[in-house]
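In what follows, a single structure is set out as structure tokens and then discussed.
The values are calculated or read from the model by the stated rules, or taken from the named source; none is laboratory data. Worth saying up front: this structure is predicted, and the values here are computed from it rather than measured. Here the Cβ positions follow ideal geometry from the backbone for every residue, glycine too, while neighbour counts run over all protein chains shown.
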Amino acid sequence: MPTVKELREKRAELVPRLHELRDAAQGRDFTAEEKANWEGINTDYDSLTRDIERQERVATVTSEQEARTDDRIERKQPGEPTDSGKLSDEETRTVALQAWCRSQAGLDLTEDQMEACRQVRLNPNRRTLDIPLADSRGIGAMADAFRSRHPSIARRTAQSAVIGSTGGYLVPEGFVRQLEVALLAFGGVLQVADIIRTDEGNDLPMPTSDDTSNTGELIGESEAVSEQHVTVGQMVLKASKYSSKLIKVPAELLEDSAFDLASFIAERLGERLGRIMNTYLTTGTGAGMQPKGIVTAATLGVTAASATAITADEIMDLIHSVDPAYRSGSRFMFHDAVLLYLRQLKDGEGRYLWQNGMGSGAPDTLYSYPLTINQDMQGSVASATKTIIFGQLSKYKVRQVRGVRMRRLVERYADYDQEGFMAFMRMDGNLLDAGTHPVKYLLQA
């Protein structure tokens, strides 16, 4: 298997070929053959990027697992015997989760599974299982590992921790991590937003204040100062409910203790919830139960001269439509098909706007700003569409209540010898904008 370094070198070799194709077609459209070559090379580039991300993710997970193993060894008491046949805490929780799923299906539990349930103090007959996601430290470590990647994962904060006694203690760490990564992988907005997790679902007001028009003053000796009050508003985050729909698990998988049921369920839950959440966090209207999506909440920055084209100058205008106070830490967000279009653009000096991330962990950039792909944004450069957003995307706040609640549906698929599981999650989102507009969009004419 090629190393990450070899994959990066192979990917870098594709960039000159892209430039050659674009330069050969300067001032005209691609021929059919050139277009096919262009799209093929871009596909290879993106495929190599995904391979690099997978290998780096494996390396990160391996490193964390080794660190946890070392930590367990260090926490052993002097003289404590080592029992190589005993399950680790992680393995015990995995067996307990398997036992819960089997019990819900009406299947008998083995002695090992019942012992695992006793150790984690789980009643396998309970119908509902709460799965807390990572706290600020756990998800922060993940963010540090992937922060500069394309697409990147930004740091999140947690307002409160979820009590493990509600079911979290029985869930293996690997399950939670897989669920978290799946949510992020299928949610471009979750990669860049500031995520706040709370124990309760009551309204969460967030104060806003725009004091940019006010300044201090120059006063003379013994002269009284002027009054200038601060205006404070608020943005309120609610908690609408989302579901994964049904996840049908054949009885054979529940019975097979060798099958990695935890990974199977975690990936399906994360993918489904990640997709629906990203759709609403991108284009939600803010009306009814919908969050106000990041594109909906953004402010007009630039209107393109054309309905079907974007110029380098218009992208520069979009950057400068955002106040300099917000440009540090800003980034672009757009659909992958729009990225394919932008890879062809040059600035006034003939330099390509898109720059390949060459170094380890270095992101691809546009005008030196990192970019995030969001497949729920506009996928083509067409009339009256919002094709690009730019700004301090971390000003977009996502509120999640607790974690994921998993339930079993009784008897619904008994005639198929399957068990139905489903998951629920509560969340809301909106852009924290006091009137200074930290995120702007480019609108096609």
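The set of residues in region 282-301 that are under 13 Å from Val439 (Cβ atoms) and not in a loop (DSSP other than H, G, I, E, B) comprises Thr282, Lys292, Ile294, Val295, Thr296, Ala297, Thr299, Leu300, Gly301.
For every residue, the table says whether it meets (1) assigned to a loop (DSSP other than H, G, I, E, B); (2) within 26 Å of the chain's Cα centre (by Cα); (3) under 30 Å from Thr372 (Cα atoms).
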residue	(1), (2), (3)
Gln191	no, yes, yes
Glu200	yes, yes, no
Pro207	no, yes, yes
Asn214	yes, no, no
Glu217	yes, no, no
Glu221	yes, no, no
Gln228	yes, no, no
Gln234	no, yes, yes
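Scanning region 347-360 for residues that are in contact (Cβ under 8 Å) with a residue 60 or more places away in the chain and either surrounded by 14 or more Cβ atoms within 10 Å (Cβ to Cβ) or touching a Cys at 6+ places or on another chain (Cβ under 6 Å) (or both) gives Tyr352, Asn356, Gly357. Being over 27 Å from the mean Cα position of the chain (by Cα) and part of a strand (DSSP E or B) is the filter here; which residues of region 409-420 pass it? Within region 409-420, Leu409, Gln418, Glu419 qualify. Among residues of region 99-113 that are under 12 Å from Val249 (Cβ atoms) and of a type in the set (S, T, N, Q), none has a beta-carbon under 7 Å from a residue that is modelled with pLDDT of 80 or more and part of a loop (DSSP other than H, G, I, E, B) at least six positions away or on a different chain. Looking at Gly429, Gly379, just one residue is within 30 Å of Ala266 (Cα to Cα) and crowded, with 23+ Cβ neighbours inside 10 Å, and that residue is Gly429. Filtering region 421-445 to residues that are outside any strand (DSSP E or B) and among the small types (Gly, Ala, Ser) leaves Ala434, Gly435, Ala445.
For region 375-395, state whether one or more residues are of a type in the set (Gly, Ala, Ser), part of a strand (DSSP E or B), within 22 Å of the chain's Cα centre (by Cα) and under 23 Å from Leu179 (Cβ atoms). The answer is no; no qualifying residue exists. Residues in region 213-255 that are without any contact (Cβ under 8 Å) to a residue 12 or more places away in the chain and surrounded by 13 or more Cβ atoms within 10 Å (Cβ to Cβ): Leu253 only.
The requirement of being surrounded by fewer than 20 Cβ atoms within 10 Å (Cβ to Cβ) and out of contact with any Ser or Thr (no Cβ under 6 Å at 6 or more places or on another chain) is not satisfied by Tyr396.
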